[in-house]
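The values are calculated or read from the model by the stated rules, or taken from the named source; none is laboratory data. Quantities reported herein were computed from a predicted structural model and do not represent experimental measurements. Methodologically, a virtual Cβ is constructed for each residue, glycine included, from the backbone with ideal geometry; neighbour enumeration extends over all protein chains shown. Ligands, DNA and RNA are stripped out before the accessible areas are found, and what is left, the full protein with its side chains, is counted by its heavy atoms. Shrake-Rupley method; radii C 1.70, N 1.55, O 1.52, S 1.80 Å.
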Amino acid sequence: MSSRETILARLRQNRPQGPALPDIHAVPFITFENKFDAFATLVRNLGGDAVQLQPGETVQDIVAQRWPQHGRVADLTATTPEQVTAPHDWHDVDIAIVPGELAVAESAAVWVSHSGNSQRALYFLTQKLVLVVPKDAIVDTMRDAYTRVSIREHGFGAFISGSSRTADIEQSLVMGAHGAMAALVIFV
Amino acid sequence: MKNDNINHAEAAAAFLQDREQARWHDSAIWWVRQKRDMQAKQLPEWEQLRSLAQQIKAHTLSKLDEYLEQFQRNAEQNGVTVHWASDADEHNRIVHGILAAGGVKKLVKSKSMLTEECGLNPYLEQRGIAVIDTDLGERIVQLRHEPPSHIVMPAIHLKKEQISELFHKELGTEAGNNDPTYLTHAARANLREHFLTADAGLTGVNFAIAETGGVVVCTNEGNADLGTALPPIHIASMGLEKIIPKQEHLGVFTRLLARSAIGSPITTYTSHFQQARPGGQMHIVIVDNGRSDILGNDDFYQSLRCIRCGACMNTCPVYRRSTGHSYSYIIPGPIGSTLGPSRDIKKHGSMAFACTTCGSCSNVCPVKINLHEQLILQRKRAFDAGTLKPAKKMGLLAMRFLTQHPSLLDAGGKLMRKVVPIVPQALTRHSAWSRPGRELPDMPAQSFKEMWQARKENKS
Amino acid sequence: MNVALFIPCFVNELYPHVAMATAELLEGYGIDVVYPLEQSCCGQPLSNNGDSQGACDAARRFTGVFKDYDYIVSPSGSCTSHVKHHYGWYIADDADYQAMQPRVYEIVEFLQDVLKVDRLPKPVYFPHPVSIHQSCHGLRELGHAAPSELMIPYHSRLERILQLVDGVDVRLPERRDECCGFGGTFSVDEPEVSVAMGEDRVAQHEATGAEFIVGADPSCLMHMGGIIRHKCRPIRPLHIVEILTGRGGAA
């Protein structure tokens with residue numbers, strides 16, 4: 001018998017009693033009066049920032065104002081975004097501008113995913129990550145978020161909340177462990 | 001790998017020799033418990049959320065075989081290769097097989113307690129594959145050639161001075177520069193090179209979703225993401241209890257995990273891996289290694305609900321004052337003290353006694369495992385397996401006898417009350433009670449029973 | 001109504017005045033208090049060390065001794081909790097146990113839930129700052145207070161009953177319900193950890209400025225008392241019934 005069969009047989013034999021699956025939507029979860037404010041307050045504690053695009057302003061204006069001196073920019077929101085042959089080619093990107101599908105107020109997380117699953121290395125290699133999210137695409141909790149996104153759609157997707165961080169040395173919070181050192185969410 | 005012969009009481013006593021370091025360890029980890037409280041308090045639904053998580057996991061365990069089969073079908077439809085490993089050795093052989101077939105020289109790993117459990121690193125290193133742990137804490141303990149002392153904060157037993165010294169030696173950082181930001185960014189630069197030159201990446205799994213055949217990995221550092229986005233091969237190793245039925249259930253577990261673990265509303269990255277990237281391969285190794293036996297044990301199967309948040313360690317007053325290195329099993333603290341003894345009571349029996357049964361762990365557990373009760377039940381197995389020290393066993397058998405013969409128990413109590421006051425302090429000072437700095441109480445002239453009888457006679 | 005006193009074995013030998021205060025407190029409310037002389041250890045040390053045979057025998061013996069009384073009341077949260085919540089591991093099917101189990105109470109629970117007292121038998125004036133020690137089994141297994149881990153409305157039986165005492169100044173230590181480190185045989189199996197925990201706990205109680213540590217479990221008070229004595233500190237452990245009967249100052 002293969003390991004698969006042996007394991008499954010043992011699991012079948014050792015089944016404990018269990019309850020039916022609960023209805024996770026039956027319990028009221030927290031809601032926020034102003035979701036953007038909740039999101040923005042939180043993301044500022046997580047090594048990030050959030051702004052709303054003002055009339056007449058572009059994403060590129062905000063990025064240029066924030067980081068007037070910068071290196072290579074990769075903009076996946078452009079009409080014809082830059083293509084690379086290997087994911088390693090993104091290694092020296094300074095600022096990545098990527099579309100975010102949905103934001104979550106309770107966790108300051110933004111869902112990123114793209115068709116083809118070919119550019120995800122950029123999200124994590126870039127030094128500064130700019131997430132561009134439609135201003136009405138913001139929900140209260142992760143439960144709401146998982147009813148709105150499809151995790152199987154593109155082969156890979158991630159919720160990203162603030163910048164990469166660690167507290168592995170004496171519990172001191174340090175921004176910029178391996179991924180982006182700064183995160184900016186722009187609601188458009 | 002960990003030394004199975006560690007006795008918790010002895011190792012903890014040694015750790016407590018440096019009281020200042022021990023106090024630092026206690027308060028650093030207590031702070032994480034406090035952060036967890038602050039997050040939990042912000043959600044009016046916190047206790048209901050724990051109940052939902054408990055029910056989802058309890059349900060899943062009752063149909064684990066079905067959900068795993070469903071998971072495999074869906075994963076294979078996504079083009080993922082699914083492997084099954086009965087034990088640690090088979091897991092290691094499978095992983096090595098994949099790496100050997102891909103000509104892999106260097107593997108970057110993100111945090112996986114399962115691979116610690118299986119002893120994967122030494123297995124691969126012996127076969128000529130360089131293994132780089134990429135979680136900062138894991139990297140620190142890897143460079144020190146020691147096991148992690150905590151499942152979420154692997155290097156919490158170390159002070160920054162020790163890490164600075166290590167990095168100076170291993171990574172060439174400035175001698176005496178103890179700044180955590182400086183040290184973290186030095187490790188970042190060093191590990192970037194490894195990410196860019198690795199041939200394969202291995203991750204653990206936080207959740208595997210039966211409905212989609214995908215896995216979710218949560219990190220704050222982004223190491224699991226870099227380690228899987230750059231090299232062409234991604235291997236995800238998962239204990240078979242990691243399964244949850246549906247995508248929507250992530251809406252419960254991602255709300256609990258980081259709040260319980262580190263007092264953060266969510267991890268920086270919650271990454272959903274469904275398919276290999278174009279031109280790459282993705283493998284999932286489903287590991288049993290004793291879990292199906294635990295499932296069949298009425299007293300302990302609930303421990304398989306664990307989502308490895310580490311909250312039970314952070315709240316455990318014994319863990320905080322003894323470090324993870326005082327526990328013989330690779331997973332320390334309350335959850336380790338039921339999982340370790342479940343695996344091997346003879347090796348890990350002392351862990352079940354490293355507990356005052358205060359019950360705080362059961363209350364912080366996001367999936368409501370009855371941890372402190374499980375530890376008491378593990379002691380039953382330790383007693384039956386004959387792992388208690390002979391003197392302790394004799395004492396218990398004497399107690400068992402006296403409990404059934406109260407007049408003898410009373411006589412013994414009286415003897416104690418009369419003898420203790422006349423014994424020279426030099427003798428009692430070395431008893432386990434008094435040795436670390438604790439006096440005996442006063443010995444009253446009469447027991448309550450004697451007082452009660454005298455009172456009754458006076459009344460009548 | 002009769003009440004059988006369940007006096008834990010070590011309280012019988014080492015804290016007879018706590019047992020007597022419990023009896024007098026109940027008598028003060030006009031209760032017919034009985035002390036079954038054939039009682040013995042409840043078996044918790046056996047259970048906590050894995051001796052299931054011994055624990056099972058002890059549970060049966062306890063049930064035989066106490067089953068016919070209206071209520072069974074004890075001044076120890078931990079021993080009460082063992083009888084109420086862990087005997088089920090050994091004698092869940094015993095009909096006598098099933099019938100007795102709901103009638104077993106820790107003393108403060110009994111005063112508040114059964115007698116529903118709103119005054120003390122004799123007025124008590126205790127003009128001292130006291131720091132509350134929540135013992136773990138009373139707290140987390142009997143629900144003596146809202147444990148700090150659970151996000152439920154705050155309540156505390158000890159704080160509530162101390163409202164009946166004049167002049168007392170109630171304080172809570174930092175880490176309001178961390179374990180003192182006694183843990184039964186843990187205290188001698190892991191003495192270094194046990195004492196380290198106790199030292200931290202005593203220091204937190206002292207930091208409130210309290211003169212007394214007040215609790216409902218003599219075992220934790222014994223452990224902290226041993227550390228206090230070793231360090232020659234002025235703070236004193238006190239069982240809640242000692243205050244409620246007006247004997248507190250004597251300690």
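Listed by position, the helices (runs of 4 or more DSSP H) contained in the stretch A:1-113 that have at least 3 residues being open to solvent by less than 30 Å² (accessible area, probe 1.4 Å) and either of a type in the set (Ser, Thr, Tyr) or more than 14 Å from chain B (Cβ to nearest Cβ) (or both) are A:59-66. Checked against the criteria, B:ASP179 does not count as open to solvent by 30 Å² or more (accessible area, probe 1.4 Å) and closer than 27 Å to A:ALA121 by Cβ.
Pairing each residue of the stretch B:93-110 that is closer than 15 Å to B:THR134 by Cβ with any residue that is part of a helix (DSSP H, G or I) and open to solvent by 50 Å² or more (accessible area, probe 1.4 Å), provided the two are 6+ apart or on different chains, yields C-beta distances under 7 Å for B:LYS106/B:THR197. Only one of the numbered conditions (1) away from every other protein chain (no Cβ under 11 Å); (2) assigned to a loop (DSSP other than H, G, I, E, B); (3) buried (at least 24 other Cβ atoms within 10 Å of the Cβ) is not met by C:ILE213, and that is (2). Total residues in the stretch B:232-267 satisfying the condition of being in contact with a Gly (Cβ under 6 Å, 6 or more places away or on another chain), farther than 14 Å from B:GLY214 by Cα and crowded, with 24+ Cβ neighbours inside 10 Å: the figure is 1. Being more than 30 Å from B:LEU43 (Cα to Cα), touching a helix residue (DSSP H, G or I) at 6+ places or on another chain (Cβ under 7 Å), open to solvent by 10 Å² or more (accessible area, probe 1.4 Å) and not in a loop (DSSP other than H, G, I, E, B) is the requirement here; does C:GLU199 meet it? Here the answer is yes, as C:GLU199 does meet what is asked. In the stretch B:268-296, the residue that is surrounded by the most Cβ atoms within 10 Å (Cβ to Cβ) out of those that are more than 21 Å from B:GLU116 (Cβ to Cβ) and more than 8 Å from every other protein chain (Cβ to nearest Cβ) is B:MET282. For B:MET394, are the conditions met, namely being hydrophobic (A, V, I, L, M, F, W, C), more than 30 Å from C:ARG140 (Cα to Cα), surrounded by fewer than 20 Cβ atoms within 10 Å (Cβ to Cβ) and touching a Pro at 6+ places or on another chain (Cβ under 9 Å)? In short, no.
Evaluated against (1) surrounded by fewer than 24 Cβ atoms within 10 Å (Cβ to Cβ); (2) of a type in the set (A, V, I, L, M, F, W, C); (3) facing chain C (nearest Cβ under 8 Å), B:VAL364 falls short on exactly one condition, (1).
Kindly indicate whether any position in the stretch B:311-322 is more than 17 Å from B:MET153 (Cβ to Cβ), in the same structural domain as B:VAL32 (by TED's automatic domain parsing) and open to solvent by 10 Å² or more (accessible area, probe 1.4 Å). No, the stretch B:311-322 contains no residue that is more than 17 Å from B:MET153 (Cβ to Cβ), in the same structural domain as B:VAL32 (by TED's automatic domain parsing) and open to solvent by 10 Å² or more (accessible area, probe 1.4 Å). The helices (runs of 4 or more DSSP H) falling completely within the stretch B:368-460 that include 1 or more residues that are outside the structural domain of B:SER342 (by TED's automatic domain parsing) and within 43 Å of the chain's Cα centre (by Cα) map to B:390-404, B:406-419, B:425-428. When the stretch A:146-162 is filtered for residues that are touching a residue at least 40 places away in the same chain (Cβ under 8 Å) and within 7 Å of chain B (Cβ to nearest Cβ), the ones remaining, listed by number, are A:PHE156, A:GLY157, A:ALA158, A:PHE159, A:ILE160, A:SER161, A:GLY162. Would you say A:LEU173 is more than 7 Å from chain B (Cβ to nearest Cβ), of a type in the set (A, V, I, L, M, F, W, C) and surrounded by fewer than 20 Cβ atoms within 10 Å (Cβ to Cβ)? For A:LEU173, the condition - more than 7 Å from chain B (Cβ to nearest Cβ), of a type in the set (A, V, I, L, M, F, W, C) and surrounded by fewer than 20 Cβ atoms within 10 Å (Cβ to Cβ) - is met.
Kindly establish whether B:ALA445 is touching a helix residue (DSSP H, G or I) at 6+ places or on another chain (Cβ under 8 Å) and crowded, with 20+ Cβ neighbours inside 10 Å. The answer is no for B:ALA445. Filtered by the rule that a residue be surrounded by fewer than 19 Cβ atoms within 10 Å (Cβ to Cβ) and either touching a Lys or Arg at 6+ places or on another chain (Cβ under 8 Å) or on the phi > 0 side of the Ramachandran plot (or both), the stretch C:230-245 gives C:HIS230, C:CYS232.
Among the residues of the stretch A:122-134, those that are over 12 Å from the mean Cα position of the chain (by Cα) and buried (at least 24 other Cβ atoms within 10 Å of the Cβ) comprise A:LEU122, A:LEU125, A:THR126. Checked across the stretch A:112-124, the condition of being among the hydrophobic types (A, V, I, L, M, F, W, C), modelled with pLDDT of 95 or more and under 26 Å from B:GLN42 (Cα atoms) holds for no residue. Of the helices (runs of 4 or more DSSP H) lying entirely inside the stretch B:242-326, those carrying at least 1 residues that are closer than 22 Å to A:GLN171 by Cα are B:250-262, B:311-315, B:317-320.
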